[in-house]
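Take a look at the structure set out below.
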Amino acid sequence: MNIETPKGTVQILEPGLEQLRSIRDLMPFGALQFAEPQSGARFGLVMQCDQQEVFCIKQQSVELDRQGAEQWMQIQHWMIAEAYCRYIKYGFSGAYLAAAYLRQRNNGLWEPGVAHFVFPSPTGIESQEFPFEQAYDDQFGHGATTMFRHFAQDFMAAFKESKMQPPNYFGLDVRPRLHLQSLGMYFMAVGQQIVCLRANLREKEDAAWAIFASGGVDHIYHLPSIPMTISKAQLRISKGSAADFGC
């Protein structure tokens, strides 16, 4: 199918076997295909295995009331889409999931920010052509710091080009998935391709489609997914053969 926007057309494609295998292999606990859709999703991205969670780099901003925080969550989602248009041109082979989040603090205010889930490829240029860096490579793998640095630069450039003042980001911390509370897992980059994770594409409601079209992204793969938790006994399946995806 095609999504028509004021900035051009974006073609929606089904992910192929190699793309599914890449996502499964890059994520720490893999991914699963459901026998029957769950909440409209056909795939599960494993974010927790027993008590072990997938971690991210949390880019935190100042606390706001609920309405203000929700507005910033939406704006950050659009800036993430803008950043992806630049980021995929670097040629990295790993996966990058940037997601706006909303977290309530003990004082009743809300913290809007961005969670960066970084999954470098051991055979990609991010690990083969860039040096190992202590900042985040120790936890996420060789190339993670390079990928984060490039995306973060593009993310801030998106604010600058839109002539919009970014929120007051003041901290970068490594945190587990559940720490973030509400997380907008909508799009991710897998190599040089953009993947939409939403079960419902929201082709008319989401301005991100026009942002992608304007940024030269004319096709996006649809992988309707939800975050999920598995047991260690299920890890063999989530990290198993590509046949587990029904391909």
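Bear in mind these aren't lab numbers, they're just calculated from the coordinates by the rules spelled out. Computed from a prediction, not measured in an experiment: that's the story for all the values here. Every residue, glycine among them, receives a Cβ derived from its backbone with ideal geometry; neighbour counts consider all protein chains shown.
For the residues VAL54, VAL62, what sequence is obtained by ranking on other C-beta atoms within 10 Å, fewest first? Don't skip to the end; give the middle numbers.
On the way: VAL54 20, VAL62 15.
Arranged by neighbour count, lowest to highest, VAL54, VAL62 become VAL62, VAL54.
What base-10 log of the normalised intensity I(q)/I(0) is obtained for the stretch 87-134 from the Debye formula, alpha carbons as equal point scatterers, at q = 0.18, 0.19, 0.20, 0.27 Å⁻¹? These q points yield log10 I(q)/I(0) values of -0.67, -0.70, -0.73, -1.01. Multiplying the residue separation of GLU14 and ILE237 by 0.36 nm and removing their Cα-Cα distance gives an extension gain of 78.1 nm.
Please give the calculated 222 nm ellipticity per residue for the chain, where each DSSP H segment of at least 4 residues contributes -39500 (n - 2.57) and the sum is spread over every residue; nearest 500 deg cm²/dmol? Intermediate values should be presented prior to the final figure.
Values: 7 runs with 72 residues, N = 247.
Here the helix-only value at 222 nm equals -8500 deg cm²/dmol.
Ranking of CYS196, CYS49 by neighbouring Cβ atoms within 10 Å, starting from the fewest: CYS49, CYS196.
Exceedance of the 28 Å cut-off in Cα-Cα distance is limited, within the set LYS58/LYS163; LYS7/LYS58; LYS58/LYS232; LYS89/LYS160; LYS7/LYS239, to LYS7/LYS58; LYS7/LYS239. Using 19 Å as the cut-off for backbone N distance, which residues of the stretch 74-94 belong to the label zone defined by a point 7 Å from the Cα of ILE125 along Cα→Cβ? Counting only backbone N, you get 83-94. As a rough footprinting exposure proxy, the listed residues GLU111, GLU18, GLU133 were ranked by other beta carbons within 10 Å of their own, and the order from fewest upward is GLU18, GLU133, GLU111. For Cα extents along the principal axes in Å, one of (i) 48, 36, 34; (ii) 68, 43, 33; (iii) 47, 40, 40 was computed from the structure I shared and the rest are decoys. Which label? Read-out from the structure maps to (iii).
Ratio of Rg to Rh for the stretch 19-153, alpha carbon only, Kirkwood? List each step's numbers first, then the result.
Details: Rg = 16.3 Å, Rh = 16.4 Å.
Reported Rg/Rh (Cα atoms, Kirkwood Rh): 1.00.
Full extension of the chain between LYS163 and ARG66 yields a length gain of 32.5 nm, computed as 0.36 nm times the residue separation minus the alpha carbon distance. The separation of the stretch 136-157 from the stretch 52-75, counted between C-alpha centres, amounts to 19 Å. Compute log10 of I(q)/I(0) for the stretch 136-247 with the Debye formula, placing one identical point scatterer on every Cα and leaving out solvent, at q = 0.16 Å⁻¹, to two decimals. At q = 0.16 Å⁻¹ the computed log10 ratios are -1.17.
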